[in-house]
1. Restricting attention to segment 163-214, report how many residues are crowded, with 20+ Cβ neighbours inside 10 Å and in contact with a strand residue (DSSP E or B) (Cβ under 7 Å, 6 or more places away or on another chain).
2. Where residues in segment 327-354 are outside any loop (DSSP other than H, G, I, E, B) and charged (D, E, K, R), which of them is nearest to Pro419 (Cα to Cα)?
3. Would you call Ser116 crowded, with 16+ Cβ neighbours inside 10 Å, in a loop (DSSP other than H, G, I, E, B), of a type outside the set (A, V, I, L, M, F, W, C) and at pLDDT 65 or above?
4. So is Val425 hydrophobic (A, V, I, L, M, F, W, C) and modelled with pLDDT of 95 or more or not?
5. Which of the residues that make up segment 56-82 are in contact with a Lys or Arg (Cβ under 6 Å, 6 or more places away or on another chain) and at pLDDT 95 or above?
6. Out of segment 183-236, which residues are part of a helix (DSSP H, G or I), among the hydroxyl-bearing types (Ser, Thr, Tyr) and within 19 Å of the chain's Cα centre (by Cα)?
7. Is it the case that segment 67-76 has a residue that's under 22 Å from Tyr422 (Cβ atoms), touching a helix residue (DSSP H, G or I) at 6+ places or on another chain (Cβ under 9 Å) and among the aromatic types (Phe, Trp, Tyr)?
8. Working only within segment 237-267, note down all residues that are more than 25 Å from Pro115 (Cβ to Cβ), assigned to a helix (DSSP H, G or I) and either within 26 Å of the chain's Cα centre (by Cα) or modelled with pLDDT of 70 or more (or both).
Amino acid sequence: MDVILFLLVSILLISLLPFYLILVTSHRGQPLPPGRMGWPVVGESLEFVSAGRRGVPEQFFKERMKMFSTQVFKTSLLRVSTAVFCGPSGNKFLFSNENKLVSLWWPRSVDKVFPSASTSNTSIEEAKRVRKLAVAFLKPEALQRYIGTMDAMAKMHLQTKWATAATSTVHVNTLVKTYTFALACKLFMSVEDTGVVAKLEKRMTDLAGGILSIPLDLPGSSFRRGIEGSRWMRRELMGIVKKRKSDLLLGSTCGGDHHHHQNRDMLSHMLENGGDHETSTLSEEDVVNKIMGLLIGGHDTASCVITCFIKYMAELPHIYDLVLKEQREIAKSKRPGELLNWDDIQKMRHTWNVACEVMRLWAPVQGGFKEALTDFTYAGFFIPKGFKLYWSANTTHKNPDYFEEPEKFDPWRFDGMGPAPYTYVPFGGGARTCPGKEYARLEILAFMHNLVNKYRWEKVIADEKIIVDPMPEPAKGLPIRLYPH
């Protein structure tokens, strides 16, 4: 039996070899970008993932840029042939040619873990619709009214989850994810029940882990857990959507406010459509899909930045002292019980520079896929229609050509004009810049304002490293000891 299986596999590999050789050499006599495709089926996915899990995601790109090209090289990631565009010129090209030469593309694992509710829409089309709905809700002028809620929830979270652990050990990564996810549930859906939020967060962790995993549907795999988590989330969110739809039909509004549309959350915004003709026929399944997309962003993006922020503040007391000084001045300007407002956030310039430096070293969005809409040439190499493309923050963020002493933590890099265009891309760029960028900024600053005014801390594991899997996070969850002021 083993011999027969071996022969069948051998025949399959031999039959695929000609196509494989054509792919890795040239196309129509024009050279494809230089590079290597790795092993059949898995390509170089294992090397890509391994570099992140070792805490050196930039190494995968540095090695290939040195070996093949500093502008573009080919590889195979997540079972697809991919051209990696490097440096600020590569970022600029992909970001500025959205819907012209390139378009958004996601790996097969995304469609499996995060399937479209509509048989006519792919997850990519759904993402575009989510983005359009989210932009109006997440623009700065709309978010200003939620700063007080962010501040109040940060205070409550520190009081209920951190205060009891003062002078003992807390695991930052877990607690911060709990906070950011609870805030997303509150602002997007007005869900505040801690039991419901905890169950949703557990399944969201499984779902998020499966989205960019290697798409092998095996028992116990991240991909399988992601699919199962997605199914569970859909069932739970459908119940919430149906209840809200019923409430709206009865004339009720979120938060008990029956008169002011601006106090409604994202869920009500989606169900009522705001007069947008393109979204006026959203089904309950469509709404569930879009809320899931927003919750994924609310689960990991800000939490990884806050966690890494806390790590560096423990390691760099002089940075902590500067942030504390800035935040204490803001706290002293407030009346007892008065919450943060937009003007307060604008005063947190140095704190935000520190956050920007954290994101330079550990970008919350490590990179993204696109697809060639047509044949084109880039840097003298042929890119065929349908070829998958990838940009990565790791080709610039830790590159000494763009950031002097890139391993040094230096928030003053962001004073004045800041980094050169297209070198600093923690939220992507162009038409596909993350619409939650400003939401994340407010969330990060509100939380750090409360944390530094309440505590100083130290790391339990002095040499704990950050890994990327698929988001940056401390390998051991960042246990720290808290010391109240």
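The values are calculated or read from the model by the stated rules, or taken from the named source; none is laboratory data. Bear in mind that the values here come from a model prediction, so they are computed numbers and not experimental data. Every residue, glycine among them, receives a Cβ derived from its backbone with ideal geometry; neighbour counts consider all protein chains shown.
1. 3
2. From segment 327-354, those outside any loop (DSSP other than H, G, I, E, B) are 327-332, 342-346, 349-354; that's our starting set.
Now narrow it down to the ones that are charged (D, E, K, R): 328-329, 332, 343-344, 349.
Values: Arg328: 28, Glu329: 28, Lys332: 33, Asp343: 25, Asp344: 25, Arg349: 16 Å.
Looking at the filtered set, the residue picked out is Arg349.
3. Working: crowded, with 16+ Cβ neighbours inside 10 Å: yes; in a loop (DSSP other than H, G, I, E, B): yes; of a type outside the set (A, V, I, L, M, F, W, C): yes; at pLDDT 65 or above: no.
No; evaluated as a whole, the condition is false for this residue.
4. Details: hydrophobic (A, V, I, L, M, F, W, C): yes; modelled with pLDDT of 95 or more: yes.
When the stated conditions are applied, Val425 passes them.
5. From segment 56-82, those in contact with a Lys or Arg (Cβ under 6 Å, 6 or more places away or on another chain) are 58, 73, 80, 82; that's our starting set.
Within segment 56-82, Glu58, Phe73, Thr82 meet the criteria.
6. Of segment 183-236, the ones part of a helix (DSSP H, G or I) are 183-189, 194-211, 222-236.
If we keep only those that are among the hydroxyl-bearing types (Ser, Thr, Tyr) as well, we get 194, 205, 222, 230.
Of everything in segment 183-236, those that are part of a helix (DSSP H, G or I), among the hydroxyl-bearing types (Ser, Thr, Tyr) and within 19 Å of the chain's Cα centre (by Cα) turn out to be Thr205, Ser222, Ser230.
7. Going through segment 67-76, the residues under 22 Å from Tyr422 (Cβ atoms) turn out to be 68-75.
From the residues that got through so far, the ones that are touching a helix residue (DSSP H, G or I) at 6+ places or on another chain (Cβ under 9 Å) too are 70-75.
Filter once more, keeping what is among the aromatic types (Phe, Trp, Tyr): 73.
Yes; the residues of segment 67-76 include at least one that is under 22 Å from Tyr422 (Cβ atoms), touching a helix residue (DSSP H, G or I) at 6+ places or on another chain (Cβ under 9 Å) and among the aromatic types (Phe, Trp, Tyr).
8. Ser246, Asp247, Leu248, Leu249
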